[in-house]
Amino acid sequence: LNKEGLRHFLKTQDYTKKELEDILHLMKLLKDARHDNAIPQLFKGKSVAMIFEQPSTRTRVSFETAATLLGGHGLFLSPKDIHLGAKESLEDTGRVLSRMVDVIMARVDKHETVAGLAANASVPVINGLCDWLHPTQIMADLFTMVEHLPEGKKLEDLTVAFVGDATNVCSSLMFACTKFGMTFKHICPEQFKAPQEWVDIALNNCETYGGKLVITNNTDEVAGCDIIVADSFYWFGQEDEKEVRLSTFIPEFVVTEELMAKAGKDAMFMHCLPANDQRECTREVMESSNSIIFDEAENRLSAQMALLVYLTHKFIEEPTEAVR
Ligand code: CP
């Protein structure tokens, strides 16, 4: 909670399962409204400041479009244009922006930057990706899983295998999938496995919600999984590790048609994109009928619409008699 009693969206762990389900429900309503060309103007006259320390296609376009579709406005701010921790502290930037806009969204190099912006902000601050987490991506991912649920299955019945490096998408999926009671497998080389701190968070979720966590370097573990997820083998700031990373992950941890066949004929393929095809996954897998990567990308827009609405409105727990 920030000082005004509004909430930031820095990590899904700050939200209960029920609250995340509410956001998913809002995503469905707003996605349907978009298809009906009837989006309620729930961000009318409001603005979201969008700070980007790193490049972005999906996050930038989805937030700016979401604000516009809901009747509001998005401002693109690069560190070249504003005083982001250089001439002005992050805390003061958060305070100043809060006097002018209704939401701050920041894609940053370090989690401390988005946390610093949130520290004194009196409007909701959204983490648009940091070195640790990518929570808005994961709302789109959960929603995409719901849209593609196998016949007769619920979210908690799914087994999700993340094949590759312990990226920010890996951590966020690990936390969200275990919070929803799913089985989450991280399949990776020993030296790139998730830190113990993440494992502890996920195991705590498993204890509370009944999910299961598997950490393994055995790619045969994809067998029987419902969803196979790939992500980049190296990220910004890891360029000097590029050669060692690529030679460690390739070819064993590349999601190929052979690996998907090992998973099973109904296993679906997800990737947050952008993908380095022929590196962490093949173009054939990306283009296969089991690939849901472009649905996943489109759902970023539904997630951002829902978050802008959810974070700027107060919701009552249960409908009152008068509105029931
Ligand atoms: N998935 C994702 O965050 O994409 P962008 O880097 O294009 O925003």
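Just how large is the dipole of region 1-72 about the Cα centre, in debye to the nearest 20, putting +1 at every Lys and Arg Cβ and -1 at every Asp and Glu Cβ?
Dipole about the Cα centre, nearest 20: 20 debye.
Find me the longest stretch of the chain that has none of the exposed chymotrypsin sites (Phe, Trp or Tyr not before Pro), where exposed means in a DSSP loop (not H, G, I, E or B) with at most 13 other Cβ atoms within 10 Å.
1-235
Mind listing the long-range amide H neighbours of Arg107? Cut-off is under 5 Å, sequence gap 5 or more, other chains count too, H placed in the peptide plane at 1.01 Å from N.
Those qualifying (amide H under 5 Å, at least 5 residues apart or on another chain) are Ile51, Phe52, Glu53, Gly128.
Using a cut-off of 12 Å between beta-carbons, work out the net charge of the residues near Asn204 (Lys and Arg +1, Asp and Glu -1, Asn204 not included).
-2
Provide the per-residue ³J(HN,Hα) series for region 225-240, in order, calculated from phi with Karplus coefficients 6.51, -1.76, 1.60 and θ = phi - 60°, each as a whole number of Hz, with x at glycine and proline positions.
Coupling constants for region 225-240: 6, 7, 9, 10, 10, 10, 7, 4, 8, 8, 10, 4, x, 10, 4, 6 Hz.
What's the carbon and sulfur percent of the chain's accessible surface, probe 1.4 angstrom, rounded to a whole number?
Of all accessible area on the chain, carbon and sulfur atoms account for 50 percent.
Per residue, how much space in cubic angstrom lies within the convex hull of the C-alpha atoms of the chain?
Working: hull volume 47.0 nm³, N = 324.
So the per-residue Cα hull volume is 145 Å³.
Loop only per DSSP, at most 15 neighbouring Cβ atoms within 10 Å: give me the trypsin sites (Lys or Arg not before Pro) in region 92-172, ordered by residue number.
Arg99, Lys110, Lys153, Lys154
Could you work out the helix-only [θ] at 222 nm for the chain, with each DSSP H run of four or more residues adding -39,500 (n - 2.57) and the total divided by the number of residues, to the nearest 500 deg cm²/dmol?
So the calculated ellipticity at 222 nm is -12000 deg cm²/dmol.
Return the single residue from Thr208, Thr93, Thr113 with maximal mean-square fluctuation; model: Gaussian network over the chain, springs between Cα atoms under 10 Å.
Among Thr208, Thr93, Thr113, the largest GNM mean-square fluctuation belongs to Thr208.
Could you compute the net charge surrounding Lys110? Neighbours are other residues with a C-beta less than 10 Å from the C-beta of Lys110; K and R count +1, D and E count -1.
Taking every Cβ under 10 Å from that of Lys110, the sum is -4.
In debye, nearest 20: dipole of the chain around its Cα centre with unit charges on the Cβ of K, R (+) and D, E (-)?
Using only the charged Cβ atoms, the result is roughly 1040 debye.
Using the heavy atoms of the protein chains alone and a 1.4 angstrom probe, what is the accessible area of region 10-64 per residue in square angstrom?
Computed with neighbouring chains in place, this is 49 Å² per residue.
What aspartates and glutamates could a cross-link reach from Lys262, if we take a straight Cα to Cα line under 12 Å and drop same-chain neighbours fewer than 8 places away?
Asp220, Glu221, Asp226
Can you compute 3J(HN,Hα) from phi for each residue in region 26-38, using the Karplus curve 6.51 cos²θ - 1.76 cosθ + 1.60 with θ = phi - 60°, rounded to whole Hz and x for Gly and Pro?
5, 4, 5, 4, 6, 5, 4, 4, 5, 5, 8, 6, 9
Structure shown: which of Lys212/Lys242; Lys18/Lys212; Lys153/Lys185; Lys87/Lys110; Lys212/Lys314 lie over 22 Å apart, alpha-carbon to alpha-carbon?
On the way: Lys212/Lys242 32 Å; Lys18/Lys212 19 Å; Lys153/Lys185 18 Å; Lys87/Lys110 18 Å; Lys212/Lys314 34 Å.
Over 22 Å Cα-Cα: Lys212/Lys242; Lys212/Lys314.
Considering only the other residues whose Cβ falls under 12 Å of the Cβ of Thr282, what net charge follows from Lys and Arg at +1 and Asp and Glu at -1?
Details: positive: Arg279, Arg283; negative: Glu257, Glu258, Asp277, Glu280, Glu284, Glu287.
Once all neighbours under 12 Å are counted, the net charge is -4.
The values are calculated or read from the model by the stated rules, or taken from the named source; none is laboratory data. Being a predicted model, the structure only gives us computed values, none of them experimental. When we count neighbours, we look across all protein chains shown, and the Cβ atoms used for this are built from the backbone with ideal geometry, even at glycine. To get the accessible areas, we keep the full protein, side chains included, count just its heavy atoms, and leave off ligands, DNA and RNA. Shrake-Rupley method; radii C 1.70, N 1.55, O 1.52, S 1.80 Å.
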